[in-house]
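Here is the structure we will look at, set down as structure tokens.
The values are calculated or read from the model by the stated rules, or taken from the named source; none is laboratory data. Nothing here was measured: the structure is a model prediction, and the numbers come from that model. Neighbour counts are summed over all protein chains in view; Cβ atoms, including those assigned to glycine, are modelled from backbone coordinates with ideal geometry.
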Amino acid sequence: MSFESLGLAPFLLRALEEQGYENPTPIQEQAIPLALEGNDLLAGAQTGTGKTAAFGLPLLQHLGTNPQEVRSGPRRPRALILTPTRELATQVHDSLRGYSKYLRIPSAVIYGGVGMGNQIDALRRGVDLLVACPGRLIDHLERRSIDLSGIEILVLDEADRMLDMGFLPSINRILAKLPRQNRQTLLFSATFAEPIKELALEFMRHPKQIQVTPQNTVAETIAHRVHPVDTARKRDLLLHLLAEDSRVQTLVFAKTKHGSDKLALFLEKSGIKTAAIHGNKSQGQRLRALADFKAGRVTVLVATDIAARGIDINELPKVINYDLPMVAEDYVHRIGRTGRNGASGEAISLVAQEDAKYLRQIVRLLDKDMDIRDVPGFVPQTPIRWGNSAPGKAEQPGGQRPPRRGNGGNGPRPAGAGRGRSDGGRRAGAGAGEGQGQRRGGGNGANAGAPRGERRDGAPRGDGQRTGAPRRRSGGGNRGPRVSG
């Protein structure tokens with residue numbers, strides 16, 4: 001299928017051709033015709049699938065072929081795109097400016113962390129297209145520096161992340177300022193929890209739902225690897241892995257802002273060119289860090305989940321989870337930055353005993369095996385109990401000791417593991433338990449959406465699946481059972 005067959009206007013086709021676009025991606029094939037017809041859309045697509053063009057091209061065609069009604073006063077925005085972070089807002093705005101090369105569509109991007117003066121000036125001059133973060137948009141609404149009563153198209157990009165970040169009250173306030181009639185709404189997200197669907201049904205008109213890939217799936221070209229390690233040795237193991245090839249661009253995820261800074265400083269002092277990006281950095285600092293990483297001036301970027309939204313780097317070869325995400329769906333977002341468009345990628349996770357429960361949730365969500373490998377010199381002092389998140393327990397729920405693999409042991413064999421291997425590799429496989437992961441919020445009670453057989457705190461129920469803890473072989477090779485949900 002070609003872009004011409006989707007019904008796009010010549011001025012868009014010309015811009016796409018000049019930018020090297022040849023054929024639409026699956027999300028573009030499905031979304032563009034429906035959006036051009038004026039339908040509301042509830043669209044599921046992973047990061048890196050081309051969803052910006054999927055909503056941006058129909059939006060630009062509408063603005064370019066339907067002139068704004070003549071009225072007195074300043075020009076009101078006709079299209080609004082909401083994004084969760086500054087980086088994503090900037091990325092979306094830049095992409096749409098490229099697509100609209102042959103259109104005269106005044107636009108602006110507004111976000112927090114910078115002064116409001118230039119944004120107010122742009123709004124006073126008048127724009128047709130506005131890309132905004134919810135928090136700063138609320139600031140403008142309170143100052144009455146913006147009028148949203150003329151919005152014809154609303155786009156919510158990365159909707160799941162906006163809910164995770166607590167933007168629901170802000171989104172509701174913004175929706176109250178938009179016209180109710182004759183407004184098209186396009187909601188795009190990598191994952192769709194029930195609260196998002198419930199929200200969408202409240203303000204969308206009979207939306208068409210499309211899903212280009214099963215929810216919570218990742219590219220098949222990504223290799224998943226897990227390195228067990230004691231918490232105290234994580235930092236040294238990370239340095240060891242990065243030093244093996246310091247030229248490879250690597251995105252490292254840390255759990256906290258303070259932890260990101262400490263990790264970046266440690267790596268920099270150790271000779272690895274590193275930058276950190278998180279919410280406490282100024283906009284200028286974040287933009288410089290991103291620019292340096294994209295240009296190769298730094299080879300390692302340490303980021304938190306929220307700050308990493310919007311990072312768009314072609315052919316990023318490696319992502320390392322220094323800290324595993326506490327919400328399994330965030331693993332999908334993280335590693336979606338590698339293995340794009342058929343390229344190979346590597347996702348490495350450093351897992352200590354306290355992280356085992358998060359790994360089980362990720363494995364269950366993805367229904368995918370992960371390769372567990374000990375790194376010589378960094379083997380944990382106490383073997384990690386993959387089937388039991390609580391360290392030091394001798395028994396699994398139900399009163400039975402976990403099956404072990406050892407000399408003559410008959411515990412479960414990992415998928416694909418052949419006898420006689422001595423490379424330290426084993427597989428963390430997905431169990432067959434019911435449920436495909438946790439809901440992101442809005443559930444009724446503390447355990448809403450948790451997979452059956454597992455509590456929210458990660459401790460297995462008595463009727464859940466039991467899996468064994470790996471046992472070290474004296475011969476050097478280590479095998480362990482599957483990590484199951």
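For region 30-54, how many residues meet the condition of being modelled with pLDDT of 95 or more and charged (D, E, K, R)?
So the answer is 2.
Determine, yes or no, whether residue 329 is at pLDDT below 80 and of a type in the set (Asp, Glu).
Numbers: at pLDDT below 80: yes; of a type in the set (Asp, Glu): yes.
Yes: the conditions hold for residue 329.
In region 114-142, how many are within 17 Å of residue 176 (Cβ to Cβ) and charged (D, E, K, R)?
Within region 114-142, residues that are within 17 Å of residue 176 (Cβ to Cβ) and charged (D, E, K, R) number 2.
Working only within region 226-241, note down all residues that are in contact (Cβ under 8 Å) with a residue 60 or more places away in the chain and of a type in the set (A, V, I, L, M, F, W, C).
Passing the criteria: 226, 229, 237, 238, 241.
Can you tell me which condition residue 37 does not meet? The list is (1) of a type outside the set (Phe, Trp, Tyr); (2) closer than 25 Å to residue 181 by Cα; (3) in contact (Cβ under 8 Å) with a residue 40 or more places away in the chain, and all the others hold.
Evaluating residue 37 over (1) of a type outside the set (Phe, Trp, Tyr); (2) closer than 25 Å to residue 181 by Cα; (3) in contact (Cβ under 8 Å) with a residue 40 or more places away in the chain leaves (3) as the failure.
Please return the ranges of helices (runs of 4 or more DSSP H) entirely within region 146-259 where 2 or more residues are assigned by TED's automatic domain parsing to the domain that holds residue 336. Walk me through how you get there before you give the answer.
Details: elements: 159-164, 168-176, 194-203, 234-244.
Answer list for region 146-259: 234-244.
Looking at this structure, is residue 294 at pLDDT 75 or above and touching a Gly at 6+ places or on another chain (Cβ under 9 Å)?
Against the criterion (at pLDDT 75 or above and touching a Gly at 6+ places or on another chain (Cβ under 9 Å)), residue 294 does not qualify.
Run residue 271 past the list (1) free of Cβ contacts under 8 Å to residues at least 40 places away in the same chain; (2) touching a Phe, Trp or Tyr at 6+ places or on another chain (Cβ under 6 Å) and report the number of the one that doesn't hold.
(2)
Does at least one position in region 229-240 carry a residue that is in contact with a Ser or Thr (Cβ under 7 Å, 6 or more places away or on another chain), of a type outside the set (Phe, Trp, Tyr) and modelled with pLDDT under 95?
Scanning region 229-240, I find no residue that is in contact with a Ser or Thr (Cβ under 7 Å, 6 or more places away or on another chain), of a type outside the set (Phe, Trp, Tyr) and modelled with pLDDT under 95, so the answer is no.
Would you please list the contacts, defined by Cβ atoms under 9 Å and residues six or more apart or on different chains, that run from a residue in region 1-15 that is among the hydroxyl-bearing types (Ser, Thr, Tyr) to a residue that is in a loop (DSSP other than H, G, I, E, B) and modelled with pLDDT of 95 or more?
none
Can you find even one residue in region 197-218 that is more than 25 Å from the chain's Cα centre (by Cα) and crowded, with 20+ Cβ neighbours inside 10 Å?
no
For residues that are more than 25 Å from residue 284 (Cβ to Cβ) and touching a residue at least 24 places away in the same chain (Cβ under 8 Å), tally how many sit in region 76-105.
Qualifying residue count, region 76-105: 11.
Condition test on residue 194, is it under 23 Å from residue 218 (Cβ atoms), buried (at least 23 other Cβ atoms within 10 Å of the Cβ) and under 23 Å from the mean Cα position of the chain (by Cα)?
Criteria not met by residue 194.
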